Every structure is written in C-alpha cells, then in structure tokens.
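This report concerns only the one structure given below.
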Amino acid sequence: MTTTVEAGPLDVTALRREFPILQQRSHGRRLVYLDSASSSQRPRAVLDAMDHYYETTHANVHRGVYAIAEEATRQFEMARRAVGRFIKAPRPEVEVIFTKNATEALNLVAHSYGRHLLPDRKAILLTELEHHANIVPWLMLAAERGVELRYLPVGDDYRLDLRDLDRLMDGVGLVGVSTMSNVLGTITDLSPIVQAAHAAGAVVVADASQLVPHRSVDVRALGVDFLAFTGHKMLGPTGIGVLWGREELLDAMPPFLGGGEMIRDVRLDGFTPNDLPWKFEAGTPPIAEAVGLHAAIGFLESLGMNRVAAHETDLTSRAIEILMERHGDDLKIFGPTTDLPARGGVLSLAFRDLHAHDLAQVLDAEGICIRAGHHCAKPLMRRLGVTATARASFYVYNGEDDIQALSDALDVAAAFFG
Amino acid sequence: MAGLEDLYREIILDHYRSPRNRGELAVPPAHRVEGFNPLCGDEVVVYLEVNDGVLTDLRIAGQGCSISQSSASMMSAAVKGRPVEQARKLIRSFKAMMSIHEHSLGGEDSTEDPEDQSEADTLKPEDLGELAALQGVVKFPVRIKCATLSWNALAQGLDEIAAGVLPLDRT
C-alpha cells in the first residue's frame, strides 16, 4: 500500500468533512470539539474499515481453518505490523502487543515485569506529571513488594526539573515517565532520563498516550524499553491499546492474564505459554478495533505526522496569542508558553475565579466541548495548587475558528457569572 | 433541551457569591467530615455540632464549583438549628429529588425506586423551599454529584455522631 503524503498546511475544512460527528450541531451551534486529549473523533475511513470487516470477514483469529477466519487473522496481524511500522519498532511481529487501552498496557508491565523481573530493593522513579494510569499500577506494586517510589519534580516552568536526576536515579530499577503531559502539554526531554536510567541499569516505561497521536515517534530514537499508547486518542476506536516492548524483555517476562490464545499447551497440572506477542493476548482480542486502528494509522500517515505536528504547534501558538490578547488579565495558562515545538496542543486554563466545571458548562451551551476536572492527574493538580482546570486540546480537525469560538465563549461565561 | 438557566437559578448564584455559614469549628467539640467528588477533585468539609438531638451549629469549608458550593450553603441554612431527625428528613428528601435521573438511564429500577418506600417520610420538592431551585441539576446528570456532595458528608457526619465515632478515630 502506498500512501500519498501531501505537502503544506492541513486543509482543516476538507478534513472536517471526513468526520461524521463534526457535521452535527450541538445546542443549535456548530460542534466545536476541543477534547481530543481525552478522546479523539474518528474519520469515516475508520468507521468504514470496521464495518467492512464485520460485514465481510469476521471470525475468531488464530483458530479457524476456513477462509474468513484466515482473512480475519491476516487483517489482525497486518494491523500489528502497521502499528509497529508507525512507531518504527524493530520487530513489529513480536514486539507489538494489543491490549484494551494504555492503562492495561502499563498494568501489564507492572504485573509481569514489576512483580517478577524488577530486582529486590530497587526503587521505581516516576514523575509528578504522570496520569493516574502511570502512577496507580506502581503504587499497587509498591504496596505489594515494598518497593520505594520516587518522583521527578515539575519545575515552575511546567517542565520536569532534572537537576536532581542523578541522585534520584541511584538505586532505581524502573522509570515510568510520560512522554507528554495530558494537563500541561509539556513534551518530555527523554534522552537525559533514558541515559541516566540505562546507566543505572533501569528499564524505562514510557506512557506515550498523548505523543503517538500527535508526533512522529521512533521507539529506537527514544531509547525507551516499553511504550504504551491507546487507539481512541489517535482517530481509532475505543477498546484497543498498544504495548511495545523490547523483544528480549518481553521474552523474559511471564504472562499477564491467563486464558485462551496465550498458551501453547495446557495440562491439568500446568501450562506452557505461547510465543510473543500472543503470550500477552489472553482471550479473543479486539479484532475489529485492530482493523480500525490500522485505518486510523493509514489516515494519519496520509496526512503526514510532521504536518500534523506543525498544524498543532501553529494552532497552539495562535490560541495562546488570541486568548492572552483578549483575556490576558483574566486567564492563566498552566503549561509552557514558549518553545512551542516542545509542547503539544493541550491548554489547561484557569479563567477568572470560575470553577472549571462552571466554565465548561457555559461553554457547552455555546456548542464547545472542553474537559474540566483533574484530568486523572491529581498529584500534578496538587503541585499546581488547584483542584481542577479547564482544558482545551487540539487535533487535526481543529482550526482557528475553534479558538475564536472558545475566546468568544469566555466572554459569555464572564458575563453569565458576573 | 435544558438551558443554562435551568441549572444556574438566581438563588443558586446568590449562595455561590455569598455563601452562608462558611468557616470552621473547633474539633472537638465539633465533628468534622470531608466529602470528595472524584470526578472533579472538589472537596467539601462539613463541621457539625450536635447537642441534645439538635444540630446546633454547622460550618462549611473546602472548595468547589458553583453547584457544590451553593448546595452546601443552602443546606447549611436549611438544617442549622434544626433537630437531627428533621435534618435527616431533609437529606432524604433532597437526595430523592436528585435521584430522578435514574429514570432516564432506563435501569431495572427506573420505574420502581426502592427508596420510594420511604416516600411517605420525604418532602416533595415544592415543600423544600429554596432548595427546590437545585431541582434543575437533575437535567445535567454529571452535576448531580456536585449537588449531593455536602449532603452525603452531612449524612455521614450524623451517622458517625450517632455511632459515637470520635473525629480522632478516623484516619
């Protein structure tokens, strides 16, 4: 399959037509969707691919010898290879594991690697800006094994403060780090962390849920040992996530969930696990979702990830300009406002003294969808000294008109609450 | 479709802007209860003093959205100085008013709420005074937890006092 990649900026107007959900109106207004960091929308191509799969060739994978089962298996394994190519995995056919979501992928590592291969008396180093999905599995592991948890702090510039990195890394066996904050938009400068971790003999588990949908990712260049992300934030369906891991690590790890598919042999007194990657895919996997994710990757590749990144950097820059110019005294942005290529299209805001929920409620009446709350990052919210923020996040279908609508709606909210 | 004015009635905004009974009480003799809304991270702290079966004093601390703050403020005004049994009846009535949304979810209990059995001992929304203004919240199901946050904390506090739990017993 050859993909034609266009040049120049994204044509947002044309792109929006590909997304059925964006054609509808909300409260009588154009639907302005600014919550893609929570979950993105899907283009027609993804919906069609999943429908086509169900209508023509659905059967369980790796089991039937009949034609449609062979075809279902082929499409499922093709999706695995497409995912692997998308993140430049050296061996997609064994290193890409399908999970339910990024949370399950991280739990897989915590259970399998954390309980069995993390050496005794080694600490775990996380960061203050992690999503709960990259904290709670490690808290559970820590409670079970008595492992010490440490945290890299977030500086006042909303980026990770690495000044104490060497001291914090001493005695660490595993590092869990977000590649991009879902609250601040900060993109992590991974290389010093990966270097220090590997020098200490630690493995690095990267939560790339916010990065893979928006940037070109090369797991070899990142240097991490595990990478987790999810389908529904990258134009794909819900119910499918991905764990990529180095083959030698995955090979050494015991299975996570037990059941069908993940075994080579089962006796009444024991079992032999299957080969990679199926060793970690117990039960019937998300087959149609894998097909949909494959289509989503095809869609992103046809746009070109560098164009996607440039579009979002441009939009973030315009958003900061427009919002600060019009609402500067009333608005606080939690996240970097300089060096924009090193941050993603996520803007966490405080507006006047309005609670984020109240702001989001007024924006909803204007047809605008934003997230309000703690964004599953309560430790970071405590660090920021707030209980909740309002968050607007951008993707390929957002344009400057969405920013204008947001800016106008802030005035409406200000007038409403007086 | 429900409009913003259904949610943000003037009396609600008034309690939000000028919250009643805001502050803290010394513990002990007062009892302190915290309520968290896991959805948004809001927290409310209710301080209550019960003497001879009467809720003699009550203060509200913590932070939250206009709905949780005004609901707490209106609650404090409604129950302060009342006998505990009246406060409990108000809690039941308020929560019954807030549970109407279950019908819209089409669950098995959607037509027959088990709590209806105690209906005889609850007040109708129209008998709840200014608390009835919060009725519009049920049209915005996500916000119901905001409205009930302080009420759940108050109920927990009254239960703990009745059970003889001292504030220091809890960790």
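The values are calculated or read from the model by the stated rules, or taken from the named source; none is laboratory data. These figures come from a predicted structure and were not determined experimentally. With ideal geometry, Cβ positions are generated from the backbone for all residues, glycine too; neighbour counts draw on all protein chains shown. Areas reflect the complete protein model, heavy atoms only, side chains present, ligands, DNA and RNA absent. Shrake-Rupley method; radii C 1.70, N 1.55, O 1.52, S 1.80 Å.
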For segment B:53-66, name all the residues that are surrounded by 21 or more Cβ atoms within 10 Å (Cβ to Cβ) and away from chain A (no Cβ under 14 Å). B:L55, B:L58, B:I60
Conditions (1) within 14 Å of another protein chain (Cβ to nearest Cβ); (2) in contact with a Ser or Thr (Cβ under 8 Å, 6 or more places away or on another chain); (3) of a type outside the set (G, A, S) -> B:L7 fails only (2)
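Look through A:I97, A:I124 and report the one residue that is under 22 Å from A:M381 (Cα atoms) and crowded, with 19+ Cβ neighbours inside 10 Å.
A:I124
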Counting just the residues of segment A:160-176 that are in contact with a helix residue (DSSP H, G or I) (Cβ under 6 Å, 6 or more places away or on another chain) and touching a residue at least 40 places away in the same chain (Cβ under 8 Å), which one comes out farthest from A:W138 (Cα to Cα)? A:M169
Residues being open to solvent by less than 20 Å² (accessible area, probe 1.4 Å) and within 14 Å of another protein chain (Cβ to nearest Cβ): count how many of those fall in segment A:389-413. 5
Note on A:Y113: of the conditions (1) farther than 26 Å from A:G236 by Cα; (2) open to solvent by 60 Å² or more (accessible area, probe 1.4 Å), unmet is (2)
Report yes if some residue within segment A:326-333 is under 18 Å from A:L34 (Cβ atoms) and under 22 Å from the mean Cα position of the chain (by Cα); otherwise report no. yes
All positions within segment A:224-272 that are small (G, A, S) and within 22 Å of the chain's Cα centre (by Cα): A:A228, A:G231, A:G236, A:G239, A:G241, A:G245
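Of all residues in segment B:22-52, how many are open to solvent by 40 Å² or more (accessible area, probe 1.4 Å), more than 14 Å from chain A (Cβ to nearest Cβ) and not hydrophobic (A, V, I, L, M, F, W, C)? Quick ask: steps written out before the conclusion?
As a first pass, look at segment B:22-52 and keep what is open to solvent by 40 Å² or more (accessible area, probe 1.4 Å): B:22, B:24, B:26-29, B:32, B:34, B:36, B:38-39, B:43, B:49-52.
Within this subset, residues satisfying the condition of being more than 14 Å from chain A (Cβ to nearest Cβ) are B:22, B:24, B:26-29, B:32, B:49-52.
Subset that is not hydrophobic (A, V, I, L, M, F, W, C): B:22, B:24, B:28-29, B:32, B:49, B:51-52.
Result for segment B:22-52: 8.
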Can you name the residue in segment A:16-59 that is in contact (Cβ under 8 Å) with a residue 12 or more places away in the chain and among the acidic types (D, E) and, of all such residues, is least open to solvent (accessible area, probe 1.4 Å)? A:D35
If we keep just the residues of segment B:10-21 that are in a helix (DSSP H, G or I), of a type outside the set (S, T, Y) and under 26 Å from A:V386 (Cβ atoms), which is farthest from the other protein chains (Cβ to nearest Cβ)? B:H15
The condition of being within 14 Å of chain B (Cβ to nearest Cβ) and open to solvent by 40 Å² or more (accessible area, probe 1.4 Å) holds, among A:F351, A:F416, only for A:F416
Those residues of segment A:271-323 which are of a type in the set (D, E, K, R), open to solvent by less than 10 Å² (accessible area, probe 1.4 Å) and not in a helix (DSSP H, G or I) amount to A:E281
Of all residues in segment A:60-84, which are free of Cβ contacts under 8 Å to residues at least 12 places away in the same chain and either of a type in the set (D, E) or farther than 15 Å from A:P285 by Cβ (or both)? A:V65, A:Y66, A:A67, A:E70
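For segment A:133-153, give me each residue that is open to solvent by less than 50 Å² (accessible area, probe 1.4 Å) and not in a helix (DSSP H, G or I).
Listed by number, the residues that qualify are A:I135, A:V147, A:L149, A:R150, A:L152, A:P153.
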Within segment B:116-134, track down each residue that is open to solvent by less than 80 Å² (accessible area, probe 1.4 Å) and either of a type in the set (A, V, I, L, M, F, W, C) or modelled with pLDDT under 80 (or both). B:D116, B:S118, B:D121, B:L123, B:P125, B:L128, B:L131, B:A132, B:A133, B:L134
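Residue by residue through segment A:358-377, note down the ones that are open to solvent by 10 Å² or more (accessible area, probe 1.4 Å), in contact with a helix residue (DSSP H, G or I) (Cβ under 7 Å, 6 or more places away or on another chain), of a type outside the set (S, T, N, Q) and not in a strand (DSSP E or B).
Across segment A:358-377, the qualifying residues are A:A365, A:E366, A:I370, A:H374, A:C376.
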Can you tell me which residue among A:E77, A:E70, A:E130 is more than 19 Å from A:S209 (Cα to Cα) and either assigned to a loop (DSSP other than H, G, I, E, B) or open to solvent by less than 60 Å² (accessible area, probe 1.4 Å) (or both)? A:E77
